[in-house]
Amino acid sequence: MTTRQAYDLLAEGVGPGFNGPLVVAAPLSSSADVAALAKVDAALRATQGIAFAAPVEVNADQSAAVIIAYPTTAPQAAQTSQLVTHLRTTVLPKPPPAPG
């Protein structure tokens with residue numbers, strides 16, 4: 001089937017993680033936040049286990065941004081779970097504490 005062929009070609013070209021991208025979302029409050037996200041994007045690209053990270057996308061009113069990253073392993077793989085833990089504990093900045 002054509003859809004299966006497309007799936008196989010994408011898995012071959014991007015890796016088995018193409019169908020389970022990781023979404024990094026962040027609220028923005030200043031232009032400094034956008035600059036900080038550029039560093040996050042570079043850190044994602046340099047992280048072992050990330051096949052590709054798209055450039056930072058900022059919404060129209062510049063209140064939020066997102067980076068889509070594709071792991072080298074399948075969504076259900078233990079390595080992908082380990083990668084997410086590594087990103088949360090080591091690569092991504094810690095979110096500020098919640099008010100109150």
*Could you figure out which of (1) under 23 Å from K94 (Cα atoms); (2) open to solvent by 60 Å² or more (accessible area, probe 1.4 Å); (3) under 14 Å from the mean Cα position of the chain (by Cα) isn't true of Q62?*
(3)
*asked:* It is to be established whether one or more residues within the range 30-46 are touching a residue at least 60 places away in the same chain (Cβ under 8 Å) and within 12 Å of the chain's Cα centre (by Cα).
replied: no
*For Q5, state whether it is touching a residue at least 12 places away in the same chain (Cβ under 8 Å), of a type outside the set (S, T, Y), part of a helix (DSSP H, G or I) and open to solvent by 80 Å² or more (accessible area, probe 1.4 Å).*
no
*Tell me which residues, restricted to the range 30-66, are aromatic (F, W, Y) and assigned to a helix (DSSP H, G or I).*
none
*Specify which of the listed residues (T80, T90, T73, T85) is polar (S, T, N, Q), outside any loop (DSSP other than H, G, I, E, B) and open to solvent by less than 40 Å² (accessible area, probe 1.4 Å).*
T80
*Out of the range 8-29, which residues are part of a helix (DSSP H, G or I), without any contact (Cβ under 8 Å) to a residue 60 or more places away in the chain and either surrounded by fewer than 16 Cβ atoms within 10 Å (Cβ to Cβ) or over 12 Å from the mean Cα position of the chain (by Cα) (or both)?*
D8, L9, L10, A11, E12, G13, V14, N19
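The values are calculated or read from the model by the stated rules, or taken from the named source; none is laboratory data. Because the structure is a prediction, the values reported are computed rather than measured. Virtual Cβ from ideal backbone geometry, glycine too; neighbours counted across all protein chains shown. To get the accessible areas, we keep the full protein, side chains included, count just its heavy atoms, and leave off ligands, DNA and RNA. Shrake-Rupley method; radii C 1.70, N 1.55, O 1.52, S 1.80 Å.
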